Structures are given as structure tokens and as C-alpha cells.
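The values are calculated or read from the model by the stated rules, or taken from the named source; none is laboratory data. Every value quoted in this text rests on a predicted model; they were computed, and no experiment measured them. Cβ atoms come from the backbone with ideal geometry, glycine included; neighbour counts cover every protein chain shown.
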Amino acid sequence: MPKESFEQFKIGEQAKKEQGPKKPEPIFATPEELKEKEKLFVELQEFQKDDSLQGLQRQKEIKLQLLELDQRRLQRIAREKGEAMETDLTERIKLHEQYQSQKDILKELGIVKKLRSGELGIVGLDNKEYPLPEYQDILQRMEKQKETIKTKQEQGFTKLLLVPFGMKLGDLIEKYKEIILKHHKQGKLLATKKDPKEPDEKLELDQNEPVWAWEQYKEADTKGELVYFPKEFSKNPQGKTKKELIKEQGAWNVLLIEDLPNIPREDKGKTIKNRKQLEANQTPNEYLKTLQQDKQYKAEQGMTPEDQLFYAILYLEQTNQVIDDYQGNGSLSFQLGAYFLASGYVPNSFWYRGVRQAFLGGYVPGYRSDVCGARLGVRLAP
């Protein structure tokens, strides 16, 4: 139940009117907004008596509607006051639309399932249940980093990712295999386009092994052999294991990325709002140093294998296209947000036409190639 009752809300609005100037600024709720809010409050009070799973779910939906109603009211207020206000951050990137689309895809693919609480979520590496973050939670995270998010959105970070980071990496890889096979059987496994208007190009597939994963991926996260968010690629990477991160921040990674399925080759990156897109042909060590020292990449981090896999899954579901097709329009992608401690390798992934597979491998931190790049993200911390 919201802190204020509807009656308190109306009293507050009336008090503002009475205390205001003779010609008050248009900052109050309209009759239509009052009527809509009253209806939602009444419905919420009714459902608070229903503690069934359906009742609890409806309560959450109503609270979300109340929040959205308030957001629309505030946007109207700013317009009526004639303020030179930029488009709301969430509206600019159609955040709610992205959230709902990914929620539907996660559910349809069976990545999230109904938990004992009745909520949709995943069972994490630690065998605990972790609900999918609610939309209100995403808004709160963005509010905490409002100025940073505004800057990064202007620089192209407009794609939301709801990454089921806490699930076993091996399980996510298996899900990726399943989805690739599904698209191939439907005749919808396509090469990545530079322009949506380009004709479709179907890709061939090794149906026996649609995803090849280096053996070090097997249980690397469960055994603590994969270190996340390293400060350096060395025997002392100063990162954390997945189990440690789940305890600290939960089992979901929420981030904004550039919707950039084709990482630009050297000298092909665009400069947007004083930030140049990261280009291929640097070593993982050089990329990491750039992130840490170059101010134009402030607040950005390398992606984890889980982030990369979910982006690949999401892009395939939304466009029927693979990502990082380095023999086509793309490049290989280093996942700078992780490090294989035992081997000293940095994870990478790409679509490999030569063997008709998605490929999950790794290279040493000093490896350089003109076809190898990196993808970055801005994390929305809890």
C-alpha cells in the first residue's frame, strides 16, 4: 500500500491550491488524474485482502500503474510550466517497453520460472530463488545514477539488459544452444546486418554442436575459477567470484549497453557526444587500462560471459540475427568483465562461420588481432 491514502493525496492537492498565488502554476493533479488515481487506490485496497499468488501479483501491477501515473503527471507539470526539460530518461529509451519485452522473452524461453513465492525468477548458483527485478526497482537504480545515465544515454547506451547472472553459466550456454537450434529449424538463423533494410542471409549450422565452449567454461563459475570484474589480468586480479557477487548484489545484472551487434573495426568507430566507440585491434590489457584511465569511458565496465550470452540470446530472439559475426560485419568480442584464473585467459566469443557454430573461447591478455574487440556496459547497481 502506498504511504499516502487517496484522501490524503486529495487533501494535499487542495492545500497546495489554497496556499498558492491567485494565479497558481499548473502543478496540480487534473480531475482525470484524480479519478484514475482514486480508482487504482480502491482496487488496491480490495486486492490487499487477497493473499493468493494472483492477488499479490495484481497488487504489484497496481502499484506500478500508480507509479507510472505519477510520472506522467510530473511530465505534464514540467510541460505546462514551460520548462526547457529534456525528454525523460525512461521515455527516451522506451524503458518500460524494453523491460516488458525482455520479461516476456525470459518467460517464453523458460529462463525464468514461477518461484515458490509466485514471482518469476531464477534459481541461482547457491540454489536460492531470485525474483526478476521489478520495473520500479529499475527506475530506482536509474535515479541513483541519474546524471551518469543521462550522459551515457546521450552517448548511445540505450539498450537494457536483464541478465540472469546468478544461474549456472553452463545452464545458460545450454539454453543458448537450444535457442540457436530453434531459429535454425525455423529458417530464421541470420547473419548480422549493418542496416535493417539489407536482405536476409541465412547461416549454416552444425546441428550436433551449435555452440562450442572451451572446456574451462565447464563449472568455472561454480568452482570459483572464473573471477569477475578484475582490476588486472594477472594471478592477483582483485576480482570476485560469482558466489561473492550474488551475496553482495543479488543474482541479476541490470545494465545499459550500446545496441551494437557489430563491434567496429579499427578507425571505424563513431564519436558520439565526445565518446569514441571502442574499436577492434587492442589487447585485453589495453582495453582494461583504457577503461580505467580514459575519462570518456567513465562508469563503463566490460561485459561478463553471462552478459554476452544474454545479449546474444536477446538479439537473436528480437531480430533473428546472431552477434559478433567476425567473418561477416562484426568482430570477436572479449568479455573484459571476467578472467579465467587457472589458465590466465580472458573470455571471448563470436560466431564462427568456418565451423558453423557460436564459439566461446579465450585468449591471453596480451593477444592482439584486428578482428578482436570488446563490448562495454553501464551497470545499474542495486
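Annotation: Glu219 fulfils all but one of (1) in contact with a Lys or Arg (Cβ under 9 Å, 6 or more places away or on another chain); (2) modelled with pLDDT of 95 or more; (3) not aromatic (Phe, Trp, Tyr); the unmet one is (2).
Pick out the one residue from Lys188, Lys182, Lys194 that is under 27 Å from Gly124 (Cα atoms), of a type outside the set (Asp, Glu) and surrounded by fewer than 20 Cβ atoms within 10 Å (Cβ to Cβ).
From the options Lys188, Lys182, Lys194, the qualifying one is Lys182.
Whether a residue is over 28 Å from Leu120 (Cβ atoms), at pLDDT 95 or above and surrounded by 14 or more Cβ atoms within 10 Å (Cβ to Cβ) was assessed, and Lys202 does not pass this test. Scanning region 258-304 for residues that are of a type in the set (A, V, I, L, M) and closer than 18 Å to Tyr228 by Cα returns Leu288, Leu291, Ala299, Met303. The residues of region 74-97 that are surrounded by 14 or more Cβ atoms within 10 Å (Cβ to Cβ), modelled with pLDDT under 80 and either within 27 Å of the chain's Cα centre (by Cα) or within 23 Å of Thr158 (Cα to Cα) (or both), listed by number, are Gln75, Asp88, Leu89. Selection of region 151-174 for residues being among the charged types (D, E, K, R) and either under 16 Å from the mean Cα position of the chain (by Cα) or under 15 Å from Gly110 (Cα atoms) (or both) yields Lys152, Lys159, Lys168, Asp171, Glu174. The residue that is surrounded by the most Cβ atoms within 10 Å (Cβ to Cβ), counting only those in region 207-228 that are free of Cβ contacts under 8 Å to residues at least 12 places away in the same chain and in a loop (DSSP other than H, G, I, E, B), is Lys223. For the condition within 19 Å of Tyr367 (Cα to Cα) and either in the same structural domain as Ala213 (by TED's automatic domain parsing) or within 18 Å of the chain's Cα centre (by Cα) (or both), Tyr297 does not qualify.
When region 326-349 is filtered for residues that are in a loop (DSSP other than H, G, I, E, B), closer than 26 Å to Gly187 by Cβ and either hydroxyl-bearing (Ser, Thr, Tyr) or in contact (Cβ under 8 Å) with a residue 40 or more places away in the chain (or both), the ones remaining, listed by number, are Tyr326, Gly328, Asn329, Gly330.
Is it the case that some residue within region 255-263 is of a type outside the set (Gly, Ala, Ser) and in contact with a Pro (Cβ under 7 Å, 6 or more places away or on another chain)? There is no residue in region 255-263 that is of a type outside the set (Gly, Ala, Ser) and in contact with a Pro (Cβ under 7 Å, 6 or more places away or on another chain). A search for C-beta distances below 9 Å between a residue of region 97-113 that is on the phi > 0 side of the Ramachandran plot and any residue that is of a type outside the set (Gly, Ala, Ser), counting only pairs 6+ apart in sequence or on different chains, returns Gly110/Lys175; Gly110/Glu178. Comparison of Glu244, Glu204 shows that the only residue that is in a helix (DSSP H, G or I) and over 30 Å from Ile272 (Cβ atoms) is Glu244.
Which condition number in (1) within 20 Å of Ile179 (Cβ to Cβ); (2) not in a loop (DSSP other than H, G, I, E, B) is the one that Ile323 fails? Tallying (1) within 20 Å of Ile179 (Cβ to Cβ); (2) not in a loop (DSSP other than H, G, I, E, B), Ile323 fails exactly one: (2).
Matching residues to (1) basic (Lys, Arg); (2) surrounded by 15 or more Cβ atoms within 10 Å (Cβ to Cβ); (3) closer than 24 Å to Ala358 by Cα; (4) out of contact with any Lys or Arg (no Cβ under 8 Å at 6 or more places or on another chain):
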{"residue": "Lys231", "(1), (2), (3), (4)": "yes, no, no, yes"}
{"residue": "Asn236", "(1), (2), (3), (4)": "no, no, no, yes"}
{"residue": "Arg265", "(1), (2), (3), (4)": "yes, yes, yes, yes"}
{"residue": "Thr271", "(1), (2), (3), (4)": "no, no, no, yes"}
{"residue": "Asn285", "(1), (2), (3), (4)": "no, yes, no, yes"}
{"residue": "Pro305", "(1), (2), (3), (4)": "no, yes, yes, yes"}
{"residue": "Tyr311", "(1), (2), (3), (4)": "no, yes, yes, no"}
{"residue": "Tyr315", "(1), (2), (3), (4)": "no, yes, yes, yes"}
{"residue": "Asn320", "(1), (2), (3), (4)": "no, yes, yes, no"}
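Residues that are surrounded by fewer than 17 Cβ atoms within 10 Å (Cβ to Cβ) and assigned to a helix (DSSP H, G or I) were ranked within region 112-140; the one that is modelled with the highest pLDDT is Asp137. In the set (1) part of a loop (DSSP other than H, G, I, E, B); (2) free of Cβ contacts under 8 Å to residues at least 12 places away in the same chain, the condition left unmet by Phe165 is number (2).
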